[in-house]
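The structure appears below as structure tokens.
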Amino acid sequence: MVDKIRNIIIIGSGPAGLTAALYNARANLNPLVIAGVKWGGQLMLTTNVENYPGFPQGILGPDLMQKFRDQAGRFGAEILNVDVVSVNFKSRPFKIVADSKSYSTKSVIVAAGAETNWLNLPNEQRLIGKGVSSCAPCDAFFFKDKKVIIVGGGDSAMEEALTLTKFATSVAIVHRRDEFRASKIMLGRARANKKISFIINSQVVDVLGRDKVEGVKIKNVKDGKVKELPIDGMFLAIGQSPLTNIFKGQIGLDERGYVKRVPQGDGPGKFQMTTSVEGVFVAGDVHDYHYRQAVTAAGYGCSAALEAEKWLEAQSD
Ligand code: NAP
């Protein structure tokens, strides 16, 4: 079945997508948000969010996303909980297939987000939010005077370890090799911090604890020996993966699969938040591997919505 031609379709419904929807709805563009069956993005998997401004007592991640959704809906954004199956940005209007239906649109905001890489251990998944976390700036506070580990050997692991030392009594960085991907400066800062220790050539093979994390089993990859380490928290910093499979071959992606920002236009006709295809904009973690915060994603969503609005106006001149 073929739909009418829309002004704008937003793919994704985390803070970036729903903020874009709010702004585009208030500009009377009648945006359609293709939210995904699992709508709401990464905050749906968190418990208390204490660093989103405006909520001094904190707010549960799913409650915050419901508020985002209600606010966009209040101004007329149409939100469908279906997954995008494919996109065609090679001809205009653009075509998006979701739930066996083809949607046509003049412009698109790609806000499909990213997902944390996990070790995928059964007990790790069960204890997310109960001592297992992938966000030190969000959850470090809950580990005041506790012992924690952080898994990974990149800049994120170093940065998050340093954040954790503000609260935890000790932070062990568990890394699977003896060489680090982290920059010298970040590694140096971590090494200089007395609260941080390193467990190298090691992989976490199990997380222990019934209702909360009580320890981990760590295997030395050189000699195969497994030891138990009592800890209160395990933080993952082994990277994240952008959700961009459906965009391959349609818009420019970098070598890690993140959407590339590509300048479009000149002078007063210059647009921001643009991709390799004019009329397709990007917002949030699907292109931002640096900040990865709900508030920065929301900011990107606002920017992309304003740019798309300006671009649509320029098309009708
Ligand atoms: P990253 O550089 O890709 O590092 C990921 C780390 O996780 C690597 O050490 C990797 O080990 C390890 N790892 C991956 N899969 C694993 C698994 N299954 N089990 C155990 N370990 C695993 O990712 P990142 O640290 O998130 O950084 C991403 C980008 O953001 C980088 O460009 C980084 O420089 C940048 N960044 C910069 C800053 C800063 O400058 N302040 C802060 C954060 C991030 P191997 O090394 O063995 O592959």
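Since every read-out is calculated from the coordinates, none of them should be taken as a lab result. Quantities reported herein were computed from a predicted structural model and do not represent experimental measurements. In this analysis, Cβ positions are derived from the backbone assuming ideal geometry, glycine residues included, and neighbour counts consider all displayed protein chains.
Data overview
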{"quantity": "Square roots of five times the Cα gyration tensor eigenvalues for segment 143-205, Å", "calculated": "17, 14, 9"}
{"quantity": "Descending semi-axes in Å of the chain, equivalent ellipsoid built from Cα gyration tensor", "calculated": "40, 20, 18"}
{"quantity": "Pairwise FRET efficiency - L45 versus N245, Cβ, R0 = 25 Å, nearest 0.05", "calculated": "0.80"}
{"quantity": "K4-R126 FRET efficiency (beta carbon distance; Förster radius 45 Å; 0.05 resolution)", "calculated": "0.50"}
{"quantity": "MRE, 222 nm, helices only [DSSP H, n ≥ 4, -39500 (n - 2.57), over the chain, to nearest 500]", "calculated": "-7000 deg cm²/dmol"}
{"quantity": "Cα-based convex hull, segment 118-236, per residue volume (Å³, whole number)", "calculated": "89 Å³"}
{"quantity": "Binned Cα-Cα distances of segment 168-317, short to long, each 10 Å bin given as a whole percent", "calculated": "9, 26, 24, 20, 14, 6, 1"}
{"quantity": "Rg(Cα)/(2.2 N^0.38 Å) for segment 196-240, N = residue count", "calculated": "1.19"}
{"quantity": "Cα centroid of segment 69-145 to Cα centroid of segment 154-170, whole Å", "calculated": "27 Å"}
{"quantity": "Sparse-neighbourhood loop sites, trypsin sites (Lys or Arg not before Pro) in segment 146-194 - DSSP loop, at most 14 other Cβ within 10 angstrom", "calculated": "K166, R177, K194"}
{"quantity": "Order by protection proxy (mean Cβ within 10 Å, highest first), peptides 20-31, 265-276", "calculated": "20-31, 265-276"}
{"quantity": "Spin-label model distance (nm) - S100 vs F55, 7 Å beyond Cα toward Cβ", "calculated": "3.7 nm"}
{"quantity": "Entries of K38/K101; K146/K184; K184/K227; K130/K260 with Cα pairs more than 26 Å apart", "calculated": "K146/K184; K184/K227; K130/K260"}
{"quantity": "Rel. contact order, % - alpha carbon contacts under 8 angstrom, at least six apart, segment 57-185", "calculated": "14 percent"}
{"quantity": "Computed label-point distance, nm, for sites S86 and R181 using a 7 Å Cα→Cβ extension", "calculated": "3.2 nm"}
